[in-house]
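Every number in this text was worked out from the coordinates using simple rules, so none of it is lab data. Just so we're clear, the structure is a prediction, and the values are computed from it rather than from any experiment. Cβ sites come from the backbone with ideal geometry, for glycine too, and all protein chains shown count toward neighbours.
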Amino acid sequence: MTRMTSLLERNEQFARTYTPEALGVPARQLLIVTCLDHRVDPAIILGLQLGDAPVIRNAGGRVTQAVIDDIAFLAFLAEQLFGRQSPADTLFEVAVVHHTQCGTGFLADPDFRRRAAEATGVPEAALDASAVADPRLTVKTDVERLLASPLLSPKVSVSGHVYDIATGRVTTTLDARYP
Ligand SMILES: [Zn+2]
């Protein structure tokens, strides 16, 4: 037995009417970076369909080195596979979406953070870097971090947004910008 059993039944329903998507440029020319929180599913809150946009999720939706590496690889892949090789062509926009009531907000408290570091073995600095206490502030930090990275393709733009758990609304706090 597995808790997946009932979900596999849903998958069976899904597969009955499924049509596969060919590998191609994501229909929205968008890549979303957001929190892994189960209340923040971009497919649901933004109405994404299969083939619309890749999504990278981690605790807080933070722009870590691993996220930057993935974005650099996806930009390279898009250029190689889809022939968007003229300097004027753009590849995609990265939308960084942080949210209110984020569970990582507890990590802004030094005592909580110290105990979390002791219990998990994750360095305190890494836990501190994943904290989202004020999503407007952390979105700005992360958009700037990504724009400043030497690994970011000049054909990739970056925007910032905040999702409000209380209202279900996403607000754009930073318009898309190229590095
Ligand atoms: Zn979160």
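Overview of values
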read-out	value
Most fluctuating residue given options Phe112, Phe92, Phe73, as computed from a GNM of the chain linking Cα atoms under 10 Å	Phe112
Under-5 Å amide H pairs with Ala95, H placed in peptide plane, nonlocal only	Leu31, Ile32, Val33, Ser159
Å³ per residue enclosed by the Cα convex hull of region 1-114	167
Cα-projected label distance for Asp89 with Ala166, points at 7 Å along beta-carbon direction, nm	4.6
Share, in percent, of DSSP beta bridges within the chain that are antiparallel, nearest 5	25
Most fluctuating residue given options Arg39, Arg115, Arg57, as computed from a GNM of the chain linking Cα atoms under 10 Å	Arg115
Region 50-179, Rg to Rh (Cα coordinates; Rh as Kirkwood inverse mean 1/r)	1.02
Footprinting exposure proxy for Tyr18, Tyr178, Tyr163 (fewest neighbouring C-beta atoms within 10 Å first)	Tyr18, Tyr178, Tyr163
Calculated P(r) tail over 19 Å for region 76-142, as whole % of Cα pairs	52
Candidates Thr100, Thr138, Thr17, ranked by Gaussian network fluctuation over the chain, Cα under 10 Å, top entry	Thr17
Helix-derived mean residue ellipticity, 222 nm - over the chain, DSSP H n ≥ 4, -39500 (n - 2.57), to 500	-11000 deg cm²/dmol
Residue-wise HN-Hα coupling along region 26-42, computed from phi with Karplus coefficients 6.51, -1.76, 1.60 (Hz; x: Gly, Pro)	x, 3, 8, 6, 9, 10, 10, 10, 8, 6, 7, 3, 6, 9, 10, 8, x
Whether region 11-50 is rounded, prolate or oblate, judged on the alpha carbon gyration tensor where a/c under 1.5 counts as rounded	oblate
